[in-house]
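Student: Structure provided below as C-alpha coordinates; questions to follow.
The values are calculated or read from the model by the stated rules, or taken from the named source; none is laboratory data. Computed from a predicted model, the values in this text were never measured in an experiment. Backbone-built Cβ (ideal geometry, glycine too); neighbour counts: all protein chains shown.
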Amino acid sequence: MCRSADMSGPIRFVILATPRTGSNWLCSLLDSHPEILCHHEIFNPDGIHYARSYQPEEPLEVATLSDRDRDPEAVLARVWQCDLGHRAVGFKHNRGQNATVLARVLEDKAVRKIVLRRDNRIRTFVSEEIALRTGEWESYPGREIGGGGRSLAVVVDQLRWHVRENARHYAAIMQALEVTGQRALELSYERLALAEERLRALRFLGVDRPELPLHGATRKQNPEALRTLITNFEELAAELQGSDLESELHAPDP
(Lines give C-alpha, C1' and ligand atoms only; values in the text may rest on other atoms or scores of the structure.)
Protein backbone atom coordinates (compact mmCIF):
# COMPACT_ATOMS: atom_id res chain seq x y z
CA MET A 1 0.00 0.00 0.00
CA CYS A 2 1.25 3.49 -0.88
CA ARG A 3 0.01 6.43 1.16
CA SER A 4 -0.38 9.99 -0.05
CA ALA A 5 2.08 12.54 1.30
CA ASP A 6 -0.48 14.04 3.69
CA MET A 7 -1.43 10.70 5.29
CA SER A 8 0.25 9.50 8.44
CA GLY A 9 2.70 6.81 7.44
CA PRO A 10 4.60 3.97 9.08
CA ILE A 11 7.55 4.11 11.44
CA ARG A 12 10.50 5.04 9.22
CA PHE A 13 14.06 3.87 9.75
CA VAL A 14 17.43 3.67 8.03
CA ILE A 15 20.38 1.36 8.62
CA LEU A 16 23.64 3.30 8.30
CA ALA A 17 26.69 1.14 7.69
CA THR A 18 29.83 0.52 5.69
CA PRO A 19 30.31 -2.41 3.30
CA ARG A 20 30.85 -5.87 4.77
CA THR A 21 29.53 -5.13 8.24
CA GLY A 22 26.60 -7.55 8.15
CA SER A 23 24.02 -5.10 6.81
CA ASN A 24 22.50 -7.61 4.36
CA TRP A 25 22.08 -10.01 7.25
CA LEU A 26 20.47 -7.34 9.42
CA CYS A 27 18.11 -6.31 6.60
CA SER A 28 16.94 -9.89 6.09
CA LEU A 29 16.56 -10.39 9.85
CA LEU A 30 14.35 -7.32 10.22
CA ASP A 31 12.42 -8.09 7.05
CA SER A 32 11.49 -11.49 8.48
CA HIS A 33 9.38 -9.77 11.15
CA PRO A 34 5.74 -9.56 9.96
CA GLU A 35 5.47 -5.85 10.83
CA ILE A 36 8.68 -4.71 9.11
CA LEU A 37 9.48 -4.03 5.46
CA CYS A 38 13.26 -3.62 5.26
CA HIS A 39 14.76 -2.92 1.86
CA HIS A 40 18.43 -3.39 1.13
CA GLU A 41 20.38 -0.75 -0.83
CA ILE A 42 17.77 1.28 -2.68
CA PHE A 43 20.48 3.84 -3.54
CA ASN A 44 23.36 1.55 -4.48
CA PRO A 45 25.12 3.13 -7.51
CA ASP A 46 24.94 -0.16 -9.42
CA GLY A 47 21.41 -1.31 -8.63
CA ILE A 48 18.17 -0.91 -6.72
CA HIS A 49 18.02 -3.63 -4.10
CA TYR A 50 14.58 -4.15 -2.60
CA ALA A 51 13.59 -6.21 0.42
CA ARG A 52 13.78 -9.96 -0.07
CA SER A 53 10.03 -10.15 0.59
CA TYR A 54 9.22 -7.42 -1.92
CA GLN A 55 7.51 -8.33 -5.19
CA PRO A 56 8.59 -6.34 -8.29
CA GLU A 57 5.04 -5.75 -9.48
CA GLU A 58 4.28 -3.83 -6.29
CA PRO A 59 4.01 -0.02 -6.46
CA LEU A 60 7.51 1.04 -5.35
CA GLU A 61 9.12 -0.23 -8.54
CA VAL A 62 11.51 2.33 -10.07
CA ALA A 63 12.07 1.76 -13.77
CA THR A 64 15.77 2.60 -14.18
CA LEU A 65 18.82 3.79 -12.29
CA SER A 66 18.75 7.06 -14.24
CA ASP A 67 15.14 7.64 -13.11
CA ARG A 68 16.19 7.08 -9.51
CA ASP A 69 19.28 9.25 -9.73
CA ARG A 70 17.45 12.04 -11.53
CA ASP A 71 15.24 12.60 -8.50
CA PRO A 72 16.47 10.57 -5.50
CA GLU A 73 14.33 12.56 -3.05
CA ALA A 74 11.17 11.54 -4.90
CA VAL A 75 12.27 7.90 -4.68
CA LEU A 76 12.99 8.33 -0.97
CA ALA A 77 9.50 9.74 -0.44
CA ARG A 78 8.05 6.76 -2.28
CA VAL A 79 9.99 4.34 -0.08
CA TRP A 80 8.35 5.89 2.98
CA GLN A 81 4.88 6.04 1.41
CA CYS A 82 4.87 2.44 0.13
CA ASP A 83 4.79 0.54 3.41
CA LEU A 84 2.68 -2.26 1.85
CA GLY A 85 0.74 -2.58 5.08
CA HIS A 86 3.74 -2.86 7.39
CA ARG A 87 4.10 -0.98 10.66
CA ALA A 88 7.75 -0.03 9.96
CA VAL A 89 9.58 0.53 6.69
CA GLY A 90 13.25 1.21 6.10
CA PHE A 91 16.35 0.55 4.02
CA LYS A 92 20.10 0.51 4.40
CA HIS A 93 22.53 3.13 3.22
CA ASN A 94 26.23 2.36 2.94
CA ARG A 95 29.32 4.54 2.83
CA GLY A 96 29.72 6.27 -0.54
CA GLN A 97 26.09 6.04 -1.63
CA ASN A 98 23.79 8.95 -2.53
CA ALA A 99 24.88 11.97 -0.47
CA THR A 100 21.58 13.80 -0.92
CA VAL A 101 19.62 10.88 0.52
CA LEU A 102 22.07 10.55 3.41
CA ALA A 103 21.68 14.23 4.24
CA ARG A 104 17.88 13.99 4.13
CA VAL A 105 17.60 11.01 6.44
CA LEU A 106 20.14 12.44 8.87
CA GLU A 107 18.29 15.73 9.20
CA ASP A 108 14.85 14.11 9.49
CA LYS A 109 14.33 13.53 13.20
CA ALA A 110 11.33 11.30 12.54
CA VAL A 111 13.55 8.73 10.81
CA ARG A 112 14.97 6.25 13.32
CA LYS A 113 18.66 5.58 12.80
CA ILE A 114 20.35 2.22 13.28
CA VAL A 115 24.14 2.43 13.06
CA LEU A 116 25.71 -0.95 12.33
CA ARG A 117 29.42 -1.57 12.83
CA ARG A 118 31.72 -4.56 12.62
CA ASP A 119 34.21 -4.54 15.47
CA ASN A 120 36.86 -6.45 13.54
CA ARG A 121 38.18 -3.86 11.10
CA ILE A 122 40.58 -6.27 9.42
CA ARG A 123 37.73 -8.69 8.68
CA THR A 124 35.76 -5.78 7.23
CA PHE A 125 38.64 -4.81 4.94
CA VAL A 126 39.41 -8.35 3.79
CA SER A 127 35.74 -9.10 3.11
CA GLU A 128 35.32 -5.93 1.07
CA GLU A 129 38.46 -6.64 -0.95
CA ILE A 130 37.22 -10.15 -1.72
CA ALA A 131 33.81 -8.81 -2.76
CA LEU A 132 35.47 -6.22 -5.04
CA ARG A 133 37.53 -8.96 -6.70
CA THR A 134 34.76 -11.53 -7.09
CA GLY A 135 31.77 -9.23 -7.59
CA GLU A 136 29.89 -11.26 -4.95
CA TRP A 137 28.41 -8.95 -2.31
CA GLU A 138 25.76 -11.23 -0.84
CA SER A 139 25.09 -14.91 -0.50
CA TYR A 140 21.85 -16.79 0.06
CA PRO A 141 21.24 -20.51 0.58
CA GLY A 142 21.10 -22.31 -2.74
CA ARG A 143 23.22 -19.70 -4.48
CA GLU A 144 26.60 -20.91 -5.68
CA ILE A 145 29.67 -19.02 -4.45
CA GLY A 146 32.64 -18.84 -6.83
CA GLY A 147 35.94 -20.29 -5.71
CA GLY A 148 38.46 -17.80 -7.11
CA GLY A 149 39.89 -14.65 -5.59
CA ARG A 150 39.15 -15.60 -1.99
CA SER A 151 42.61 -15.00 -0.59
CA LEU A 152 44.77 -11.92 -0.81
CA ALA A 153 47.90 -10.22 0.38
CA VAL A 154 47.07 -7.31 2.67
CA VAL A 155 49.03 -4.09 2.24
CA VAL A 156 49.20 -2.34 5.61
CA ASP A 157 48.86 1.16 4.16
CA GLN A 158 45.69 0.15 2.28
CA LEU A 159 44.28 -1.48 5.40
CA ARG A 160 44.91 1.61 7.52
CA TRP A 161 43.41 3.88 4.84
CA HIS A 162 40.29 1.73 4.82
CA VAL A 163 40.06 1.84 8.62
CA ARG A 164 40.36 5.64 8.58
CA GLU A 165 37.72 6.07 5.85
CA ASN A 166 35.21 3.94 7.71
CA ALA A 167 35.96 5.78 10.95
CA ARG A 168 35.41 9.14 9.21
CA HIS A 169 32.09 7.92 7.81
CA TYR A 170 30.78 6.86 11.20
CA ALA A 171 32.13 9.97 12.91
CA ALA A 172 30.34 12.22 10.42
CA ILE A 173 27.07 10.38 11.02
CA MET A 174 27.34 10.54 14.79
CA GLN A 175 28.32 14.22 14.72
CA ALA A 176 25.33 15.09 12.52
CA LEU A 177 23.02 13.29 14.92
CA GLU A 178 24.59 14.91 17.97
CA VAL A 179 24.28 18.41 16.50
CA THR A 180 20.58 17.87 15.85
CA GLY A 181 19.93 16.22 19.22
CA GLN A 182 19.16 12.77 17.84
CA ARG A 183 20.09 9.36 19.13
CA ALA A 184 20.85 6.26 17.18
CA LEU A 185 20.70 2.59 18.03
CA GLU A 186 24.22 1.24 17.64
CA LEU A 187 24.40 -2.45 16.77
CA SER A 188 27.38 -4.77 16.42
CA TYR A 189 27.78 -7.37 13.68
CA GLU A 190 29.53 -9.61 16.17
CA ARG A 191 26.42 -9.60 18.40
CA LEU A 192 23.68 -9.96 15.77
CA ALA A 193 23.39 -13.69 16.39
CA LEU A 194 22.33 -12.98 19.98
CA ALA A 195 18.62 -12.77 20.77
CA GLU A 196 19.13 -9.75 23.02
CA GLU A 197 20.79 -7.74 20.23
CA ARG A 198 17.89 -8.46 17.88
CA LEU A 199 15.42 -7.59 20.63
CA ARG A 200 17.12 -4.21 21.03
CA ALA A 201 16.51 -3.51 17.34
CA LEU A 202 12.84 -4.49 17.43
CA ARG A 203 12.18 -2.44 20.55
CA PHE A 204 13.92 0.54 19.00
CA LEU A 205 11.66 0.29 15.97
CA GLY A 206 8.59 0.11 18.18
CA VAL A 207 6.94 -2.89 16.54
CA ASP A 208 4.59 -5.23 18.32
CA ARG A 209 5.64 -8.73 19.31
CA PRO A 210 9.38 -8.01 19.58
CA GLU A 211 9.82 -11.46 21.07
CA LEU A 212 9.20 -13.12 17.69
CA PRO A 213 12.29 -14.95 16.39
CA LEU A 214 13.96 -13.41 13.36
CA HIS A 215 15.35 -15.43 10.46
CA GLY A 216 18.24 -14.08 8.42
CA ALA A 217 18.24 -15.14 4.78
CA THR A 218 21.95 -14.61 4.12
CA ARG A 219 24.89 -16.86 4.86
CA LYS A 220 28.47 -15.94 5.77
CA GLN A 221 30.61 -15.56 2.65
CA ASN A 222 34.11 -15.78 4.11
CA PRO A 223 33.95 -17.93 7.25
CA GLU A 224 37.60 -19.02 7.04
CA ALA A 225 40.18 -17.83 9.53
CA LEU A 226 42.09 -14.71 8.56
CA ARG A 227 45.23 -16.85 8.53
CA THR A 228 43.67 -18.70 5.59
CA LEU A 229 42.29 -15.65 3.78
CA ILE A 230 45.44 -13.53 4.08
CA THR A 231 48.37 -14.95 2.09
CA ASN A 232 50.96 -12.79 3.86
CA PHE A 233 49.53 -13.38 7.32
CA GLU A 234 52.85 -13.75 9.18
CA GLU A 235 54.30 -10.63 7.54
CA LEU A 236 51.15 -8.67 8.37
CA ALA A 237 51.23 -9.93 11.96
CA ALA A 238 54.76 -8.62 12.33
CA GLU A 239 53.79 -5.23 10.89
CA LEU A 240 50.76 -4.90 13.18
CA GLN A 241 52.52 -6.06 16.33
CA GLY A 242 51.88 -3.60 19.14
CA SER A 243 49.25 -1.68 17.15
CA ASP A 244 45.55 -1.18 17.78
CA LEU A 245 44.81 -3.77 15.07
CA GLU A 246 46.95 -6.61 16.41
CA SER A 247 44.24 -8.25 18.49
CA GLU A 248 41.74 -8.11 15.62
CA LEU A 249 44.09 -10.08 13.37
CA HIS A 250 43.99 -13.01 15.78
CA ALA A 251 40.36 -12.73 16.94
CA PRO A 252 38.00 -15.53 15.82
CA ASP A 253 34.99 -14.53 13.75
CA PRO A 254 31.74 -15.24 15.63
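Student: Contact list please: Cβ distance under 7 Å, first residue in the range 106-123 and in a strand (DSSP E or B), second residue surrounded by 21 or more Cβ atoms within 10 Å (Cβ to Cβ) and of a type in the set (Gly, Ala, Ser), pairs at least six apart or on different chains.
Tutor: The qualifying pairs are 114/201; 116/17; 116/22; 116/23.
Student: Specify which of the listed residues (218, 228) is hydroxyl-bearing (Ser, Thr, Tyr), surrounded by 12 or more Cβ atoms within 10 Å (Cβ to Cβ) and in a loop (DSSP other than H, G, I, E, B). Spell out the reasoning first.
Tutor: On the way: 228 fails: in a loop (DSSP other than H, G, I, E, B).
Testing whether each residue is hydroxyl-bearing (Ser, Thr, Tyr), surrounded by 12 or more Cβ atoms within 10 Å (Cβ to Cβ) and in a loop (DSSP other than H, G, I, E, B) leaves just 218.
Student: Would you be able to say whether some residue in the range 234-242 is exposed (fewer than 13 other Cβ atoms within 10 Å of the Cβ), at pLDDT below 95 and part of a loop (DSSP other than H, G, I, E, B)? Before you say what the answer is, go through the steps one by one.
Tutor: If we filter the range 234-242 for residues that are exposed (fewer than 13 other Cβ atoms within 10 Å of the Cβ), which is where we start, we get 234, 238, 241-242.
Next, from what is left, pick out any that are at pLDDT below 95: none.
For the range 234-242, residues exposed (fewer than 13 other Cβ atoms within 10 Å of the Cβ), at pLDDT below 95 and part of a loop (DSSP other than H, G, I, E, B): absent.
Student: Also: Have a look at 229, 240 and point out the one that is among the hydrophobic types (A, V, I, L, M, F, W, C), touching a strand residue (DSSP E or B) at 6+ places or on another chain (Cβ under 9 Å) and farther than 22 Å from residue 40 by Cβ. Spell out how you get there, then give the answer.
Tutor: Details: 240 fails: touching a strand residue (DSSP E or B) at 6+ places or on another chain (Cβ under 9 Å).
Only one candidate qualifies: 229.
Student: Could you check, for the range 138-160, whether at least one of its residues is more than 17 Å from residue 95 (Cβ to Cβ), surrounded by fewer than 17 Cβ atoms within 10 Å (Cβ to Cβ), at pLDDT below 90 and in contact with a Gly (Cβ under 7 Å, 6 or more places away or on another chain)?
Tutor: no
Student: Also, I was wondering about something else. Every residue in the range 163-190 that is free of Cβ contacts under 8 Å to residues at least 40 places away in the same chain and over 22 Å from residue 12 (Cα atoms), please.
Tutor: Passing the criteria: 164, 167, 168, 171.
Student: Next question, about the same structure. Looking at 76, 37, 30, which one is in contact with a Lys or Arg (Cβ under 8 Å, 6 or more places away or on another chain) and outside any loop (DSSP other than H, G, I, E, B)? Before you say what the answer is, go through the steps one by one.
Tutor: Working: 37 fails: in contact with a Lys or Arg (Cβ under 8 Å, 6 or more places away or on another chain); 30 fails: in contact with a Lys or Arg (Cβ under 8 Å, 6 or more places away or on another chain).
Answer to the selection: 76.
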